[in-house]
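Here the structure is laid out as structure tokens; the discussion comes afterwards.
The values are calculated or read from the model by the stated rules, or taken from the named source; none is laboratory data. Computed from a prediction, not measured in an experiment: that's the story for all the values here. Positions of Cβ are generated from backbone atoms using ideal geometry, with glycine treated the same way; all protein chains shown enter the neighbour counts. The accessibility values were calculated without ligands, DNA or RNA, using every heavy atom of the protein model including side chains. Shrake-Rupley method; radii C 1.70, N 1.55, O 1.52, S 1.80 Å.
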Amino acid sequence: MFAIMEPLFTEIGKYGKLLWWSGISLRDFSTYYDNTIRRMKFIGIQSLPIVLLTGAFMGMVESVQVLYSLQNRAPLYLVGSVVTESIILELGPVLTALILAGRVGASIAAELGTMRVTEQIDALEVMAFNPVAYLVVPVLIAGVIMTPVLTIFADVIGILSGCIISILTVDLSTAEFLKGARRFFVPWDLTYGIIKSAVFGFFIPANAAYVGFFTKGGAEGVGKATTRSVVISSVMILILDYLMAQFLLKAGW
Amino acid sequence: MIQIENICKSFNTHFVLNQLSLMVNQGETLVIIGKSGSGKSVLLKLIIGLLKPETGSILIEGKNIVKAGFRDLQDMRRNFGFVFQSSALFDSMTVSENINLALRKHFKWPEQKICERTTECLNFVNLEGLQEKLPSELSGGMRKRVGVARAIAGYPQYILFDEPTTGLDPETAENINQLILKLKRELEVTSVVVTHDMHSAFTVGDRIALLHKGKIDIEGEPAVIKKSYHPEIKKFLSGYTLLK
Ligand SMILES: Nc1ncnc2c1ncn2[C@@H]1O[C@H](COP(=O)(O)OP(=O)(O)O)[C@@H](O)[C@H]1O
Ligand SMILES: [Mg+2]
């Protein structure tokens, strides 16, 4: 049993070391400052269109399906409650994270992987640079800060488009939708959604940086690293989503 | 001075270097020759601390780089330039950014001075005016020379070359050889050149060492190596004399 698990433990050990090293490298401010700004632009601004698109469709689908379920069974203004709650708690953070795992995670893994196999990371090291501070810390900081920001954008546009669809399809008024939205809302839900997205926002670039930083085996290795980064992050998002719902959601209530 | 003493390095169960010892004197150019896969790149990476040996020590001016902590390692590396076989230029940066990245970090210089030093280094390798080009826009020989410019930018005392002429046409290779000689002549650097190009070895080397089966089998001045009866050396030399 242990023999089978051993490679896994070695990997987790390496991952842990990289994170530990990143933590220590936070002191190396001048090395990561510029790159952090650049990464924030990349993760934040350039991901905004796809995140907004996702958010809009998420809100539209959600409201159509909720209205379908409520029809002739419960007051329709409740659509406001269900759409808002489900977007803030679940859909906004998770869909945004999955999109970013594909878009941002893959590109970070490919970039670092290429730098590894073409010896650019070695080049940084021999120039007495701390490659972790230069390459890994910026994506971690940018991820933790920008993912919640993007999630809030997705939430807002999702709820807005859910509202518009309700108005257009079942003659609900904005006031009624908002009444529903306020009905079960507690601020903790929003806090929880943001904490959740920050956690995702840490692990997406962390996974990508980890597989990229330790890439082996040329162009093929880079391809594998990219795929691995997306798979690991996606699975991790689902698992963390469950764990946080189970252990964190009630804790703050 | 670089003193390598009883170095062992293996990957998994595969021994690459076995009890290897070697000395690089101040101001000389030492050439290490050896077949592909004999561990030449590994040896260079050990010298600069990118890899750690299982046993043995590597003393740089008396300080053991094998045992150096993070800060010491950084300080020791600032004395080194490393020219990678694949050039390893940062492909998202321009030529001048490649050259002055380390300058910006390690020297608290005004922009003007950084620019001047960048130009100076580019001129040294005869690549005037290429500051704003991207590495992908350059030929292999030009990238090699940018690699050299980047390596010398921080005024290193030691420069390590990993197969500087491999994969280049004879004329470009000769350019690089002349550049290595010029570095020694004008900047008085100590160099270690790893290669399997015998012409290059005889052109730039003050001493030549053969890396064979994980050890330095024979070392000496070019004239000595030329007369050697070592079977590996003879293989290298037969290719060389055929070319002549
Ligand atoms: N990071 C590594 N992991 C595993 N094996 C390696 C690694 N680096 C080098 N090797 C092995 O060490 C041996 C020597 O490699 P190298 O020093 O690159 O040879 P060369 O003399 O051609 O430069 C090769 O057999 C290579 O497979
Ligand atoms: Mg090599």
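Could you give the dipole magnitude of segment A:29-252 about its Cα centre, charging the beta-carbon of Lys and Arg +1 and that of Asp and Glu -1, in debye to the nearest 20? Mind dumping the intermediate values first?
On the way: 14 positive and 14 negative charges, 32 e Å.
Once rounded to the nearest 20, the dipole reads 160 debye.
The apolar share of the surface of the protein assembly as shown, taken as the fraction of accessible area on carbon and sulfur atoms (1.4 Å probe, ligands and nucleic acids excluded), comes to 63 percent.
Which of the helices in chain A meet the span-like rule: DSSP H, Cα axial reach of 20 Å or more, Kyte-Doolittle mean at least 0.0? Membrane-span-like by this rule: A:2-25, A:48-70, A:137-170, A:187-213, A:218-247. In vacuum, with every alpha carbon of chain B counted as one equal point scatterer, what does the Debye formula give for log10 I(q)/I(0) at q = 0.13, 0.15, 0.16 Å⁻¹? Two decimals, please. Per q value, in the given order, log10 I(q)/I(0) is -0.81, -1.07, -1.19. Positive end of the dipole of segment A:29-252 (Cβ unit charges, origin at the Cα centre): among A:Leu70, A:Ser161, A:Pro93, the Cα lying farthest that way belongs to A:Leu70. Over the protein assembly as shown, the reciprocal of the mean inverse Cα-Cα separation, the Kirkwood hydrodynamic radius, stands at 26.0 Å. Of the residues A:Thr10, A:Ser173, A:Tyr32, the one whose Cα sits farthest toward the positive end of the charge dipole of chain A, with +1 on the Cβ of Lys and Arg and -1 on the Cβ of Asp and Glu, is A:Ser173. Site pair A:Lys250 and B:Glu61 shows an inter-label distance of 6.5 nm when each label is modelled 7 Å from Cα along Cα→Cβ.
Net charge dipole, the protein assembly as shown: roughly 640 debye, given to the nearest 20, about the Cα centre with Cβ charges of +1 for Lys and Arg and -1 for Asp and Glu. Considering only alpha-carbon pairs that sit under 8 angstrom and 6 or more positions apart, the relative contact order computed for segment A:29-252 is 36 percent.
Interface size, chains B and A: roughly 1800 Å² of accessible area buried, both sides included, 1.4 Å probe, rounded to the nearest 100.
Sort B:Leu127, B:Leu168 from largest to smallest accessible area, using a 1.4 Å probe on the heavy atoms of the protein chains.
B:Leu168, B:Leu127
Work out the FRET efficiency for B:Arg185 and A:Gln46 from their Cβ-Cβ distance, taking R0 = 56 Å, and round it to the nearest 0.05. Computed FRET efficiency for B:Arg185 and A:Gln46 comes out at 0.70. Using only the Cα atoms of segment B:125-206, build the gyration tensor, take square roots of its eigenvalues as a ≥ b ≥ c, and label the shape rounded, prolate or oblate: rounded if a/c is under 1.5, else prolate if a/b is larger than b/c, else oblate. Judged from the Cα gyration tensor, segment B:125-206 comes out oblate (a/c at least 1.5, b/c at or above a/b). If you take the Cα centroid of segment A:126-173 and the Cα centroid of segment B:207-239, the two points sit 62 Å apart. Of A:Val66, A:Val117, the order by accessible heavy-atom surface (1.4 Å probe, DNA, RNA and ligands excluded), from most exposed downward, is A:Val117, A:Val66. The accessible-area loss of segment B:76-98 on complex formation, taken against its chain alone with a 1.4 Å probe, reaches 50 Å² or more at B:Arg77, B:Phe84, B:Phe90.
Relative contact order of chain B, taken over Cα pairs closer than 8 Å and 6 or more residues apart, is 27 percent. Each Lys and Arg Cβ is given +1 and each Asp and Glu Cβ -1; about its Cα centre, chain B then shows a dipole of about 540 debye.
With every protein chain kept in the model, how would you rank A:Phe184, A:Phe203, B:Phe161 by accessible area, 1.4 Å probe, largest at the top? Kindly include the intermediate steps, with their values, before the conclusion.
Details: A:Phe184 110, A:Phe203 55, B:Phe161 0 Å².
Output order, biggest surface exposure first: A:Phe184, A:Phe203, B:Phe161.
Once the 1.4 Å probe is applied to the protein heavy atoms, segment A:29-252 comes out at 43 Å² accessible per residue. Reported to the nearest whole Å, the Cα centre-to-centre distance from segment A:1-50 to segment B:4-36 is 34.
Helix B:111-124 versus the longest principal axis of chain B: what angle, 0 to 90°, nearest 10, using Cα atoms? Helix B:111-124 sits at roughly 40 degrees to that axis. Among the GluC sites (Glu not before Pro) found in segment B:155-205, those both in a DSSP coil and sparsely packed, with 13 or fewer other Cβ atoms within 10 Å of their Cβ, are B:Glu188. The angle between the Cα long axis of helix B:170-182 and the main principal axis of chain B comes to about 80°, on a 0 to 90 degree scale. Note on segment A:187-253 and segment B:113-166: Cα centroid distance 40 Å, given to the nearest whole angstrom.
As a ratio to 2.2 N^0.38 Å, the alpha-carbon radius of gyration computed for segment A:29-252 takes the value 1.17. Ranking B:Leu183, B:Phe82, B:Ser21 by Cα position along the charge dipole of chain B, where only Lys, Arg, Asp and Glu carry charges on their C-beta atoms, puts B:Ser21 farthest toward the positive end.
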